1. For a protection proxy built on the mean count of beta-carbon atoms within 10 angstrom, sort 90-98, 62-70 highest first, please.
2. Whole-Hz Karplus ³J(HN,Hα) for segment 58-64, in order, using 6.51 cos²θ - 1.76 cosθ + 1.60 and θ = phi - 60°, x for Gly and Pro?
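The numbers here are math on the coordinates, done by the rules we state, and not lab data. None of these values were measured; they are calculated from a predicted model. Note that we place each Cβ from the backbone using ideal geometry, even for glycine, and neighbour counts take in every protein chain shown.
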Amino acid sequence: MTGRIKIIRKTTSVVDGRRQQEEQDFFSCWCDVKSLGTNEKYNALQIGLENTIVFETRACDKMEEIRLNLKEFYAVYKGVEFKIYDACPMFTDDRKYQLKCRAGA
């Protein structure tokens, strides 16, 4: 199944001595929606990650930036927010990235 995923960047700034969090659209791209592998799924269930999904996207500089700064980003797919907990290039095809996410950012 394919769809469009939107990556949002959260930034924190200090204004008048108070923290303010701002969100801005960082990247929007097409992706293939996959599920976790069998072993990964059982491991995710054991640690409490029930609603886990994998987005497969093309590799680019923005994906590398997401991989290096995971805490600053979350994904939106069909109106649902997903917290990105892992972003890595695929072992079989280095031109693609996998974003592993769980529902409820």
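1. Averaged packing, sorted descending, gives the order 62-70, 90-98.
2. 6, 6, 7, 4, 5, 5, 5
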